[in-house]
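Enquirer: Handing you a structure now.
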């Protein structure tokens, strides 16, 4: 936990040298960050004759044709719906599973509690790429292949351990007295969890939701190898399909990219304050 | 603190609450993991029954004619790719964090902006850069090179001299903000009086950085670097979209090799062996990280 702390202010005695470094450095990073994003937006509104004709950096005319083509001539809307479905499913399940497990690890007395804390972290750290070949077979055994919703259990592998770990870290910082009072008053464990713990855990839950959602929204490798039917694909795989062999359709592709990026970026902007504190729960420890 | 009974006071409820997590860990992580190790000792084509292979998948990769060359290429590519990416993200992330930790007007907006690449889907980032790298004079970089310097189109992704570095630039572009975020959070925890005392002693910017900021950030640096090493080494999206492992295997990192052998070549046994060979490296990192990321009271051994 970062916790409340005084903001450190190195180099407060401002001088010209400091200003030059600050402004110069920020300008370089800002340009570096903005150029690719601007390129997505620019390509999405540039007519084809400008994209592939006489080369030029700035658009001469602006058009909505790529956006229209995206929605009328491609399966973009289907991919978008599929991605929403998978992402919401993964998010809801990750939250429930993570909070329940974290509650057990931090609030209940049982043998194996320390082990579960350990196992949670180890599973969070196991890289997905190490598992994809065997999981490709295992998913077939369980009947998860070529199904949009079948991706949800796969995505839980990557979101649940992190969500549990983060909930554990946050629950440890919440004083236990309130819950004890509610238990004395006759609440069951589940009632106390829902009425007392969950409201106190809201900031952590925001981060968990953000993490699980973007994880599922952005995932590519498993969606690529597990799903073959076009209408069941998610956005990243669907968009990557726009580049077929040597035929590039950059206009609609960048229009689709702009829309697909908007979702995680908006969520992230809305939750920015919590992201930093939540993601770094472990960064200042040990 | 341990209660008297053997299983602990609340064991029934505890394991009920842990059941879904346990199911995921056993069925979807532990089982595939063990199955992957078994596969690596088998000859197994997709859709065909497996036959026992002994160590032949491993010997094929290490010394064989079919896979030996590509496997060695993948070791070189993996080490270069991961090492350069992590090193660059660490340095750039630190610079970005130091700048954003200063007080200036519009700091919140600037932070929001510089973190955006990290929020974008990797596939979209990769596709966008592929279009910027486009080898004709319609791609952004070649447009600029042609207009300003009159240099004919450079094949950023198809030329073996440029491909790995071009991919690395994309990885660094997207990954740096995560480091910045972690370091910024760490910087908030440094007590301001440390810097005040140093200022009174007349310490300059560099002394303050090396004697105060860096030591205080050590835990954040270690955790961030190790986490990022695991993620970077195992990422496949950038390479898959930008170069597909080519040209002449210069960007063939080991997950890409596993994909080529296992999914494109349908040879699951040899492909699993690729992952298994690299796993001990990650085991070391995972061990160190687990000790550092343990919840506080588990560390105390309740």
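Enquirer: Taking the residues in segment B:239-276 that are surrounded by fewer than 24 Cβ atoms within 10 Å (Cβ to Cβ), over 18 Å from the mean Cα position of the chain (by Cα) and not in a loop (DSSP other than H, G, I, E, B) as candidates, determine which candidate is nearest to the other protein chains (Cβ to nearest Cβ).
Expert: Among residues in segment B:239-276 that are surrounded by fewer than 24 Cβ atoms within 10 Å (Cβ to Cβ), over 18 Å from the mean Cα position of the chain (by Cα) and not in a loop (DSSP other than H, G, I, E, B), the one nearest to the other protein chains (Cβ to nearest Cβ) is B:263.
Enquirer: State all residues of segment B:188-202 that are at the interface with chain A (Cβ under 10 Å from one of its Cβ atoms) and either modelled with pLDDT of 90 or more or more than 27 Å from the chain's Cα centre (by Cα) (or both); if no residue qualifies, say none.
Expert: Here is the first cut: in segment B:188-202, the residues at the interface with chain A (Cβ under 10 Å from one of its Cβ atoms) are B:188-196, B:198-199.
Scanning segment B:188-202 gives B:190, B:191, B:192, B:193, B:194, B:195, B:196, B:198, B:199.
Enquirer: Select from segment A:228-251 the residues that are in contact (Cβ under 8 Å) with a residue 60 or more places away in the chain and surrounded by fewer than 22 Cβ atoms within 10 Å (Cβ to Cβ) and write down the one among them that is farthest from the other protein chains (Cβ to nearest Cβ).
Expert: Among residues in segment A:228-251 that are in contact (Cβ under 8 Å) with a residue 60 or more places away in the chain and surrounded by fewer than 22 Cβ atoms within 10 Å (Cβ to Cβ), the one farthest from the other protein chains (Cβ to nearest Cβ) is A:231.
Enquirer: In addition: For segment B:228-238, give me the residue count where each residue is assigned to a loop (DSSP other than H, G, I, E, B) and in contact (Cβ under 8 Å) with a residue 60 or more places away in the chain. Break it down stepwise before answering.
Expert: Filtering segment B:228-238 down to residues assigned to a loop (DSSP other than H, G, I, E, B) leaves B:235-236.
Restricting the remaining residues to those that are in contact (Cβ under 8 Å) with a residue 60 or more places away in the chain gives B:235.
Within segment B:228-238, residues that are assigned to a loop (DSSP other than H, G, I, E, B) and in contact (Cβ under 8 Å) with a residue 60 or more places away in the chain number 1.
Enquirer: Any residue in segment A:193-209 that is without any contact (Cβ under 8 Å) to a residue 60 or more places away in the chain, part of a loop (DSSP other than H, G, I, E, B) and assigned by TED's automatic domain parsing to the domain that holds residue A:258?
Expert: no
Enquirer: Restricting to segment A:121-152, name every residue that is within 7 Å of another protein chain (Cβ to nearest Cβ), assigned to a helix (DSSP H, G or I) and over 21 Å from residue B:42 (Cα atoms).
Expert: Across segment A:121-152, the qualifying residues are A:121, A:122, A:123, A:125, A:128.
Enquirer: Among B:170, B:154, which is the only one that is under 30 Å from residue A:252 (Cβ atoms), in contact (Cβ under 8 Å) with a residue 12 or more places away in the chain and under 23 Å from the mean Cα position of the chain (by Cα)?
Expert: Numbers: B:154 fails: under 23 Å from the mean Cα position of the chain (by Cα).
It is B:170.
Enquirer: May I pose another question? Hey, does segment B:101-111 have a residue that's surrounded by 15 or more Cβ atoms within 10 Å (Cβ to Cβ), touching a residue at least 24 places away in the same chain (Cβ under 8 Å) and under 29 Å from residue B:244 (Cβ atoms)?
Expert: no
Enquirer: If residue B:12 satisfies every condition in (1) surrounded by 22 or more Cβ atoms within 10 Å (Cβ to Cβ); (2) within 14 Å of another protein chain (Cβ to nearest Cβ) but one, which is the exception?
Expert: Here residue B:12 clears every test but (1).
Enquirer: For segment B:190-204, give me each residue that is outside any helix (DSSP H, G or I) and surrounded by fewer than 21 Cβ atoms within 10 Å (Cβ to Cβ). Let's see the steps before the verdict.
Expert: Here is the first cut: in segment B:190-204, the ones outside any helix (DSSP H, G or I) are B:190-191, B:201-204.
B:191, B:201, B:202, B:203, B:204 - these are the residues of segment B:190-204 that are outside any helix (DSSP H, G or I) and surrounded by fewer than 21 Cβ atoms within 10 Å (Cβ to Cβ).
Enquirer: Of all residues in segment A:153-175 being touching a residue at least 12 places away in the same chain (Cβ under 8 Å) and surrounded by fewer than 22 Cβ atoms within 10 Å (Cβ to Cβ), which is farthest from the other protein chains (Cβ to nearest Cβ)?
Expert: First, the residues of segment A:153-175 that are touching a residue at least 12 places away in the same chain (Cβ under 8 Å): A:154-174.
Retained after the next criterion (residues that are surrounded by fewer than 22 Cβ atoms within 10 Å (Cβ to Cβ)): A:157, A:169, A:171-174.
Numbers: A:157: 5, A:169: 6, A:171: 9, A:172: 6, A:173: 9, A:174: 13 Å.
Here the residue is A:174.
Enquirer: Which residue out of A:182, A:228, A:167 is out of contact with any strand residue (DSSP E or B) (no Cβ under 8 Å at 6 or more places or on another chain) and in a loop (DSSP other than H, G, I, E, B)? Walk me through how you get there before you give the answer.
Expert: On the way: A:182 fails: in a loop (DSSP other than H, G, I, E, B); A:167 fails: in a loop (DSSP other than H, G, I, E, B).
Only one candidate qualifies: A:228.
Enquirer: Report yes if residue A:69 is in contact (Cβ under 8 Å) with a residue 12 or more places away in the chain, surrounded by fewer than 20 Cβ atoms within 10 Å (Cβ to Cβ) and either touching a strand residue (DSSP E or B) at 6+ places or on another chain (Cβ under 6 Å) or at the interface with another protein chain (Cβ under 10 Å from one of its Cβ atoms) (or both), otherwise no.
Expert: On the way: in contact (Cβ under 8 Å) with a residue 12 or more places away in the chain: yes; surrounded by fewer than 20 Cβ atoms within 10 Å (Cβ to Cβ): yes; either touching a strand residue (DSSP E or B) at 6+ places or on another chain (Cβ under 6 Å) or at the interface with another protein chain (Cβ under 10 Å from one of its Cβ atoms) (or both): no.
No: the conditions fail for residue A:69.
Enquirer: Within the group A:38, A:27, A:92, which residue is under 27 Å from residue A:273 (Cβ atoms), in the same structural domain as residue A:193 (by TED's automatic domain parsing), at pLDDT 90 or above and out of contact with any helix residue (DSSP H, G or I) (no Cβ under 8 Å at 6 or more places or on another chain)?
Expert: Working: A:38 fails: in the same structural domain as residue A:193 (by TED's automatic domain parsing); A:27 fails: in the same structural domain as residue A:193 (by TED's automatic domain parsing).
The unique qualifying residue is A:92.
Enquirer: Among B:118, B:129, B:165, B:173, which is the only one that is buried (at least 17 other Cβ atoms within 10 Å of the Cβ) and over 26 Å from residue A:21 (Cα atoms)?
Expert: Details: B:118 fails: over 26 Å from residue A:21 (Cα atoms); B:165 fails: buried (at least 17 other Cβ atoms within 10 Å of the Cβ); B:173 fails: over 26 Å from residue A:21 (Cα atoms).
None of the others qualify; the one that does is B:129.
Enquirer: Kindly indicate whether residue A:212 is under 19 Å from the mean Cα position of the chain (by Cα), assigned to a helix (DSSP H, G or I), at negative phi and modelled with pLDDT under 85.
Expert: No: the conditions fail for residue A:212.
Enquirer: Looking only at segment A:47-60, which residues are loosely packed, with under 12 Cβ neighbours inside 10 Å and either touching a helix residue (DSSP H, G or I) at 6+ places or on another chain (Cβ under 7 Å) or in the same structural domain as residue A:234 (by TED's automatic domain parsing) (or both)?
Expert: Our first condition is that a residue be loosely packed, with under 12 Cβ neighbours inside 10 Å; within segment A:47-60, this holds for A:49, A:53-54, A:57-58, A:60.
Within segment A:47-60, A:57, A:60 meet the criteria.
Enquirer: Residues to consider are B:137, B:147; find the one that is surrounded by fewer than 19 Cβ atoms within 10 Å (Cβ to Cβ), over 16 Å from the mean Cα position of the chain (by Cα), at the interface with chain A (Cβ under 8 Å from one of its Cβ atoms) and under 24 Å from residue A:240 (Cα atoms).
Expert: Just one listed residue meets the conditions, B:137.
Enquirer: Separate question: Working only within segment A:41-53, note down all residues that are at pLDDT 90 or above and at the interface with chain B (Cβ under 7 Å from one of its Cβ atoms).
Expert: Selection gives A:43 alone.
Enquirer: Restricting to segment B:47-61, name every residue that is part of a helix (DSSP H, G or I) and touching a residue at least 24 places away in the same chain (Cβ under 8 Å).
Expert: Let us first name the residues in segment B:47-61 that are part of a helix (DSSP H, G or I), namely B:56-61.
Of everything in segment B:47-61, those that are part of a helix (DSSP H, G or I) and touching a residue at least 24 places away in the same chain (Cβ under 8 Å) turn out to be B:57, B:58, B:60, B:61.
The values are calculated or read from the model by the stated rules, or taken from the named source; none is laboratory data. Since we're looking at a predicted model, the values are computed, not measured. Neighbour counts run over all protein chains shown; Cβ positions are idealised from the backbone, glycine included.
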